[in-house]
1. Residues being among the acidic types (Asp, Glu) and open to solvent by less than 60 Å² (accessible area, probe 1.4 Å): count how many of those fall in region 85-101.
2. Given the residues Phe108, Phe88, Phe139, which is the only one that is aromatic (Phe, Trp, Tyr), within 24 Å of Gly11 (Cα to Cα) and touching a residue at least 24 places away in the same chain (Cβ under 8 Å)?
3. Would you call Glu73 under 18 Å from Leu96 (Cα atoms), in a strand (DSSP E or B), open to solvent by 50 Å² or more (accessible area, probe 1.4 Å) and not basic (Lys, Arg)?
4. For region 82-101, name all the residues that are more than 15 Å from the chain's Cα centre (by Cα) and either closer than 20 Å to Met124 by Cβ or charged (D, E, K, R) (or both).
5. Pick from region 112-144 the residues that are in contact with a strand residue (DSSP E or B) (Cβ under 7 Å, 6 or more places away or on another chain), modelled with pLDDT of 90 or more and polar (S, T, N, Q): which of them is most open to solvent (accessible area, probe 1.4 Å)?
6. Quick one: which of Val48, Val31, Val55 is closer than 18 Å to Asp120 by Cα, of a type in the set (A, V, I, L, M) and touching a helix residue (DSSP H, G or I) at 6+ places or on another chain (Cβ under 9 Å)?
7. Mind counting the residues in region 69-111 that are on the phi > 0 side of the Ramachandran plot, at pLDDT 90 or above and not small (Gly, Ala, Ser)?
8. I want to confirm something. Restricting to region 19-46 and keeping residues that are in contact (Cβ under 8 Å) with a residue 60 or more places away in the chain and not in a helix (DSSP H, G or I), which single residue is least open to solvent (accessible area, probe 1.4 Å)?
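The values are calculated or read from the model by the stated rules, or taken from the named source; none is laboratory data. None of the values given here were measured: they were computed from a predicted structure. When we count neighbours, we look across all protein chains shown, and the Cβ atoms used for this are built from the backbone with ideal geometry, even at glycine. Each accessible area value is taken on the protein alone, full model and side chains, heavy atoms only, with ligands, DNA and RNA left out. Shrake-Rupley method; radii C 1.70, N 1.55, O 1.52, S 1.80 Å.
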Amino acid sequence: MALEEIKTKFGGKWKLDRSENFEEFLKEMGVNFAIRKMAGLSKPEQEVRVEDGSVVICIKAGFWNKESKIKLEEEYEEDRDGVKMKCFAKYENGQLIVDGKPIDKTDFKPQHVVREIINDEMVMRIVVGDNYLTCTRVFKRLPQ
């Protein structure tokens, strides 16, 4: 049931329209200056689809591409830029929520990512670290 709702609401391709606090988020994550500037100029696309009982999220940013395969309500491990993370995803109140905690790097910060649809836009909020820095990224759906 949740997977069908995710497919209907989130399914398809999305392109970044605007961001708030993205450079601050990258800085908090320890990303170097040059990569922060490059990342800030990119307009990544996200594709969300449901296949084989999983939510698949593909992010393409030119110089950086990533695919995540998420099983709801199950703990899983994922590599994020060379850091192994223990993650847990759930879908509630129309929000796709993924929490990730570093396993093997103590200087890498935990992340809380929430995706939801607001006014036909996919709003992605990323909360990171002990000071709860929040980055908001807003995506517009691309025509199919």
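1. Qualifying residue count for the region: 1.
2. Phe139
3. Details: under 18 Å from Leu96 (Cα atoms): yes; in a strand (DSSP E or B): no; open to solvent by 50 Å² or more (accessible area, probe 1.4 Å): yes; not basic (Lys, Arg): yes.
Here the answer is no, as Glu73 does not meet what is asked.
4. Step one: list which residues in region 82-101 are more than 15 Å from the chain's Cα centre (by Cα), which gives 82-84, 92-94.
Residues satisfying the conditions are Val83, Lys84, Glu92, Asn93, Gly94.
5. Residue satisfying both the conditions and the ranking: Thr134.
6. Working: Val31 fails: closer than 18 Å to Asp120 by Cα; Val55 fails: closer than 18 Å to Asp120 by Cα.
Criteria check complete, one pass: Val48.
7. Filtering region 69-111 for residues on the phi > 0 side of the Ramachandran plot gives 73, 81-82, 93-94.
With at pLDDT 90 or above added as a condition, the list becomes 73, 93-94.
Checking the rest, the ones that are also not small (Gly, Ala, Ser) come to 73, 93.
Residues meeting the conditions: 2.
8. To start, the set of residues in region 19-46 that are in contact (Cβ under 8 Å) with a residue 60 or more places away in the chain comprises 19-22, 24-25, 28-30, 45-46.
Now restrict to residues that are not in a helix (DSSP H, G or I): 19-21, 29-30, 45-46.
Values: Ser19: 51, Glu20: 121, Asn21: 72, Met29: 25, Gly30: 64, Glu45: 64, Gln46: 5 Å².
Checked region 19-46; the qualifying residue least open to solvent (accessible area, probe 1.4 Å) is Gln46.
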